[in-house]
Amino acid sequence: MDIALFLDFDGTLTEIAPRPDAVQVEPGLVEDLERLRARLDGALAIVTGRPVTVIDGFLTPSRLDAAGLHGVERRVGGAITGGQMEDHPDLRRQVARLQAETAALARVLIEDKGASVAVHWRLADPDDAARAETLVKDAADALGLAYRLQLGKAVGEIVPAQATKAHAIRAFMAEAPYAGRTPVFFGDDRTDEIAFASINEDGGIAVRVGEGETVARRRLPDPAAVRALLRDWAAGGAIDPDALPRA
C-alpha cells in the first residue's frame, strides 16, 4: 500500500504535558520520522494545532511538511503560507480580553498562536477551570461565524472557521508527493474527529490514539505504541496500517 502519512503531534507522537512547552520528544523520534519520510518518497506531514515554527523547535533539525494551527498555515517543500497575525484583528481583540479576564485564575494558561488562541485549564482547580471554559466560549460567541471553538482535553481553542485538519489533509493530497496515495491519519483528540471522518470518506485509514468514542476504524493505545510502529516502519517493516487493531 502506497500511503501518505499524516501525524498529529501532542497526544499522538508525544505524551500530553501539563503545559504545552513541557512536552518531551523521545530520543530517536526525529531520525525515525526522517527515515520513514524517505521510505514514503516524502509523503509525510505533521498536522497539528501548534504553529509550524513551534513544531520545528520540537523536531529540530527536521523541517517536515506540516499543517499548523489546525490548517490555518501549511508548509510544503519548505514554503509556509497562511497564519499571519495581522489578518485577524477581531481575534486579536478577543485574545487581549481573554488574557485580562483570566489573569486572576490560577494555573490557567493562554496560548496565543497569532491566528488562533487556546485556553488551557488542565492544572486549574475545578472552579477556575469552569470559569476558563466559560470565558473562551464567550469569546468564541463574540467572534461570530468567522471563527469556531474546538474543545479538547482541558483546553478550548478558537480558530478560523474554515481551518480544519480535514481541509489541510485534502490540500496535501491534491499535490505531489501525496497525490494518488492512500491517506492515513493518526490523531488522539475530539478535534481530530473531523479529519477522521474526512479520511473515511476519501477511502483512507484513520487511527485513533487512546481511549474515547471515535469514527476512526483503527486504534492504538498510546503515543508509545505510535512511536514503536513508526520505528518499525522506518526500519523497513511492512507498512500496512489496515492491519492495526480495530477501534
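A compact table of results
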item	result
Solvent-accessible heavy-atom area per residue, rounded to whole Å², over segment 86-202 at 1.4 Å	44 Å²
For segment 208-247, the fraction of alpha-carbon pairs in successive 10 Å shells from zero, as %	30, 54, 16, 1
Ordering of 52-63, 215-226 by burial proxy (mean other Cβ atoms within 10 Å per residue, highest first)	215-226, 52-63
Zone residues, segment 113-149, relative to residue 107, backbone N less than 18 Å from point 7 Å out along Cα-to-Cβ	119-134
Three principal axis lengths of segment 1-126 [C-alpha, angstrom, descending]	50, 32, 26
Gain on full stretching of the segment that runs from residue 176 to residue 238 - 0.36 nm per residue minus C-alpha separation	20.0 nm
Degrees, to the nearest 10: 126-143 long Cα axis against longest axis of the chain	90 degrees
Debye intensity ratio in log₁₀ form over the Cα atoms of segment 84-158, taken at each q of 0.19, 0.20 Å⁻¹	-0.68, -0.76
When segment 140-247 is reduced to its Cα atoms, the Kirkwood hydrodynamic radius in Å	15.2 Å
Between segment 1-36 and segment 169-247, the alpha-carbon center distance in angstrom	13 Å
Solvent-accessible surface (1.4 angstrom probe) belonging to residue 232, in square angstrom, nearest 10	80 Å²
Rg and Dmax [Cα atoms of the chain; Å; Rg one decimal, Dmax integer]	17.7, 53
Accessible surface of segment 1-65, 1.4 Å probe, proportion on carbon and sulfur as whole %	51 percent
Length-normalised contact order of segment 84-158 in % [C-alpha pairs under 8 Å, at least 6 apart]	28 percent
Among 149-155, 175-181, 117-123, the order from most to least packed when residues are scored by Cβ within 10 Å on average	117-123, 149-155, 175-181
Percent carbon-and-sulfur accessible area, segment 84-158, ignoring ligands, DNA and RNA, probe 1.4 Å	51 percent
Residue 23 accessible area, assembled protein chains, probe 1.4 Å, Å²	10 Å²
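The values are calculated or read from the model by the stated rules, or taken from the named source; none is laboratory data. As the structure is a prediction and not an experimental result, all values here were calculated from the model. All Cβ positions, even for glycine, are placed from backbone atoms using ideal geometry, and neighbour counts span all protein chains on display. Protein only, heavy atoms only, side chains kept; ligands, DNA and RNA dropped before computing areas. Shrake-Rupley method; radii C 1.70, N 1.55, O 1.52, S 1.80 Å.
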